[in-house]
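Novice: Quick one: this structure, given as structure tokens, is what I'll be asking you about.
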Amino acid sequence: LNHPIEICYGTNNLNTGNIITLGDNIGKITVIGLEIPWWTLNGASSSLEATAANYQADNRISFIQNLDDIGMPYNCEGWAQSCGTESFDIVNDGNAVAMNDYFLFDLFALDNYWHNIIIIDDDMVFRHFISTCEPTFPNVSTLQESIEEILFEMDYIIGDINYDGVLNILDVVFLANGILDGTYDWYSDINQDQIINIQDIILLVNLILT
């Protein structure tokens, strides 16, 4: 988490030259685009830009794009101008600070190839990858669905079974109905033991009373 990563071209050319780490984003969702200048499949860049623009005012999400092999043929500024990256910083982990180690690429080299968009949740847990190596490019709706899923979990109140933002008897009713129906969802599993039963009702009642 403390590995140094340089901002080689900041949003609106701000922050350029600053050093950041993934650990700086603890408590936020981190969305990372991985690109190399000679890679012709740059669907990740356009998808990341469109999605970042949609969430530009939401400080719970950090968008960055990593660019390695700079100068083949684009440098950071050239990439920004060619691919449209107005809503996030471009970073480079293959610089003098990071000792040319391709940290982010290697960190997310899953299934023997690099995925182009990585999503990490607010607890720094890897959650999703989207790859332009798949038959279809990643799209804005796919990215937004993944982000919204994590945002929902961040805002979720434990025990709020009906998602109305309040803990009350209605949540007990919803939980009891779920037990009777034999359905399972993790929102109802208050003690996270993979079973919905009377223990969850007891815990929920205690949450309501406290």
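The values are calculated or read from the model by the stated rules, or taken from the named source; none is laboratory data. Values in this document were obtained by computation on a predicted structure and should not be read as measured data. No Cβ is skipped: glycine too gets one built from the backbone with ideal geometry, and neighbour counts run over all protein chains shown. For accessibility, only protein heavy atoms count, side chains too; no ligands or nucleic acids. Shrake-Rupley method; radii C 1.70, N 1.55, O 1.52, S 1.80 Å.
Novice: How charged is the neighbourhood of Met154? Take every other residue with its Cβ under 9 Å from the Cβ of Met154, and add Lys/Arg as +1 and Asp/Glu as -1.
Specialist: Neighbourhood net charge equals -3.
Novice: Once you have the Cα-Cα distance between Val173 and Ala57, take 0.36 nm times their residue separation minus that, and quote the gain in nm to one decimal.
Specialist: Full extension of this stretch gives 38.1 nm more.
Novice: Which net charge results for the neighbourhood of Ile20, defined as the other residues with beta-carbon distances under 13 angstrom from its beta-carbon, given Lys and Arg at +1 and Asp and Glu at -1?
Specialist: Neighbour charge sum, excluding Ile20 itself: -3.
Novice: Separate question: For segment 153-188, list residues with backbone N below 15 Å from a point placed 7 Å from the Cα of Gln194 toward its Cβ?
Specialist: So the set is 184-186.
Novice: Further question on the same structure: Just to verify a number: what accessible area does Cys8 come out at with the full protein assembly present, 1.4 Å probe, Å² rounded to tens?
Specialist: 30 Å²
Novice: With Cβ to Cβ distances under 14 Å as the rule, what net charge do the other residues near Ile202 carry (K, R +1; D, E -1)?
Specialist: -4
Novice: Still on this model: Students sometimes get this wrong: rank Leu151, Leu203 by accessible area, probe 1.4 Å, all chains present, largest first.
Specialist: Leu203, Leu151
Novice: With all protein chains present, calculate the accessible area of Leu204 using a 1.4 Å probe and round the result to the nearest 10 Å².
Specialist: Its heavy atoms expose roughly 0 Å² to the probe.
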